[in-house]
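Notes follow once the structure below has been shown.
The values are calculated or read from the model by the stated rules, or taken from the named source; none is laboratory data. On a predicted model such as this, the values are computed, not experimentally measured, just so you know. Note that each Cβ is placed from the backbone with ideal geometry, even for glycine, and that neighbours are counted across all protein chains shown.
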Amino acid sequence: MSKHFLYSIILLCFFLSCKKTEQTPTPIKGLITKNAMVVSARAEASEIGSDILKKGGNAFDAMCATQLALAVTYPFAGNIGGGGFMVYRKANGDIGSIDFREKAPMAATKDMYLDENGDVIPGKSTLGAMAVGIPGTVAGLFEVHEKLGSLPLEDILKPVIALAYKGTKVTKKQAKTIKKYQPLFLKANKDSIIFDKHWKENDVIKQPALAKTFERILKHGKDEFYKGETAKILAKFIQDNGGIITEEDLAKYEAKWRDPITFSYDDLEIISMGPPASGGICLAQILKMLEPFHLDEYGHNSLKTIQAITEAERRAYADRSFYLGDPDFVNIPIKTLIQENYLSGRMSDFSFEKATLSSAVSHGNIQIIESDETTHFSIVDQFGNAIAVTTTLNGAYGSKLYCSELGFFLNNEMDDFSSKPGEPNMFGLIGAEANKIEPEKRMLSSMTPTIVEKNEKLYMTLGTPGGATIITSVLQTILNVHEFKMTMQEAVNAPRFHHQWLPDEIRMEPNSFDRKLIKQLEALGYSINQKDAPVIGKVDGILVLDDNSYEGGADYRGDDTAVGF
Ligand code: GLY
């Protein structure tokens, strides 16, 4: 055998082995457990939730514990000073959802963020006491526990109280975000707050004031937060800082059970959150517009897949802006908005030959018959109950206003209203009349806690933070599993992109998409923005595998962690 020939054989073998690896890469899998799992933004919160399940509690008990633990360990978005939504599917197939979204105070007015010229006053709806909506989280947790929980409240709260006293370790990412927002903490607060210190990785933050608030809530129940000592301190604190929330506002707050949005996509049945969250309707619209396209054949993040998804997103977000708001205040034509023939009409002018301009897309015409930075966790328990919970302070650390006496940040959810129809909020979302500010109204949200069934069984539970990008991140994760056969972890890891009608651009996670692909998109008329969204969403999900075990997908973009047994 000549040396030349031998080299050729070695080269050929090398090439073939490389090719084989290319064709069958080892799947990347998240944590796999047999019985139960919690996936949340922080390990301590997932552990507390999982321990509750181990003690015999169900997913609803674990939901309450995980949410409160996130308020301790992840004050960036975890909260009792904010609100959120939960979608559930019980082991017997019963489904439901609860809205514990914040509300506008009674003294709120349509123009409260405008100056005498009718212009939006910068920062008024985002920073400080005027930005705060009436918090809903505590009411939501009590409703969930009363209706669906099984353990005594004491068993749920004790480990969280202990965590707040003992303190939690600062992660590298957390040290960075605290530092980043410190100038705004100084602006929003009259006195210095615990988060003003120079916190470094591995330092331990103890929160005795928050622990004491939890202890009072444990002793006196929900009324402690809405009518008791905590309510009095909170209302006075907000007013002393120039806000308008009163004790009466707090006393009147109620969480609401609502019908979830349900729809099919191929052989999947999807259950998601309805208004005042826009997530369920928008997700239904986008998936239904995509259903006739063969995304699996086009390939993951291929030119045609990105085009089809972008164009469906553009049209859904245009409808979102016009039709959606608090269902207790506006009539929303939900059935029509997610009807197949309405949606096929919306896509009828789409062509793969060139981008549709957002200026050429308005809301669809529907005749209304008069009679209208967040965090997510997913849990599946050992009984087969599943929940998806997305909860928020809105921006990072909400309004940045921190009540040191009570130990928590307050939301800046009022910015999710349209301060001035046609004017973008902090996520660039354009709001319209349906989402104008009114006393006691809930502001429109993008949150999309979602559960997916396949063959009438639980298949997936997922959701994400990310403001306007929440809906499109949940969408892509479902498609990654269903169309592109990824594992849960791969589906979460995959690079994401986002279009929201206005601004007319595709936001892409930087350095994640091929340059040639970007050039092709630009040639077709798409404007690409790789600067403004270094991270799109932090998806946490759980997938039921063929052998009925669970795979967790915890987003590497944050400190998200899956824990289970
Ligand atoms: N504040 C973000 C949302 O509700 O969508």
When you scan segment 500-524, how many residues do you find that are farther than 14 Å from E311 by Cα, among the hydrophobic types (A, V, I, L, M, F, W, C) and in a helix (DSSP H, G or I)? 3
Considering each of K288, K304, K219 in turn, give the residue that is of a type in the set (K, R), within 28 Å of E143 (Cα to Cα) and either assigned to a helix (DSSP H, G or I) or modelled with pLDDT of 95 or more (or both). K219
Note: among E522, E505, just one is out of contact with any Phe, Trp or Tyr (no Cβ under 9 Å at 6 or more places or on another chain) and either buried (at least 22 other Cβ atoms within 10 Å of the Cβ) or closer than 23 Å to E353 by Cα (or both), namely E522
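To keep it simple, each residue is scored yes or no on (1) surrounded by 22 or more Cβ atoms within 10 Å (Cβ to Cβ); (2) in contact with a strand residue (DSSP E or B) (Cβ under 8 Å, 6 or more places away or on another chain); (3) basic (K, R); (4) not in a loop (DSSP other than H, G, I, E, B).
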site	(1), (2), (3), (4)
I80	yes, yes, no, no
F85	yes, yes, no, yes
D99	yes, yes, no, yes
A107	no, no, no, no
N117	no, no, no, no
S125	yes, no, no, no
Scanning segment 291-307 for residues that are surrounded by fewer than 22 Cβ atoms within 10 Å (Cβ to Cβ) and among the aliphatic types (A, V, I, L, M), which turns out farthest from E340 (Cα to Cα)? L303
Residues (buried (at least 20 other Cβ atoms within 10 Å of the Cβ) and of a type in the set (D, E)) located in segment 406-453: E413, D415, D416, E453
Can you confirm whether segment 536-553 contains a residue that is closer than 25 Å to H363 by Cβ and surrounded by fewer than 22 Cβ atoms within 10 Å (Cβ to Cβ)? no
Answer yes or no as to whether V492 is farther than 18 Å from A284 by Cβ, away from the ligand (no atom under 14 Å from the Cβ), assigned to a helix (DSSP H, G or I) and at pLDDT 95 or above. yes
Residues being more than 12 Å from the ligand (Cβ to nearest atom) and among the acidic types (D, E) - total across segment 394-452: 5
Looking at segment 179-213 only, could you name the residues that are assigned to a helix (DSSP H, G or I) and of a type in the set (G, A, S)? A188, A209, A211
Looking at segment 181-191, is at least one residue under 25 Å from G49 (Cβ atoms) and aliphatic (A, V, I, L, M)? no
What pairs come up if the first residue lies in segment 115-127 and is closer than 22 Å to L184 by Cα, the second is basic (K, R) and at pLDDT 95 or above, and their beta carbons are under 7 Å apart, counting only those six or more places apart or on different chains? L127/K187; L127/K400
Filter result (small (G, A, S), surrounded by fewer than 24 Cβ atoms within 10 Å (Cβ to Cβ) and either under 21 Å from the mean Cα position of the chain (by Cα) or part of a loop (DSSP other than H, G, I, E, B) (or both)) within segment 127-145: G128, A139
Just the residues that are within 16 Å of the ligand (Cβ to nearest atom) and either in a loop (DSSP other than H, G, I, E, B) or among the hydroxyl-bearing types (S, T, Y) (or both), please, taken from segment 238-283. A255, S272, M273, G274, P275, P276, S278
I'm checking my understanding of the structure. Among residues of segment 406-451 that are under 18 Å from the mean Cα position of the chain (by Cα) and outside any loop (DSSP other than H, G, I, E, B), which one is nearest to K206 (Cα to Cα)? E413
Looking only at segment 313-331, which residues are closer than 15 Å to P421 by Cα and polar (S, T, N, Q)? S321
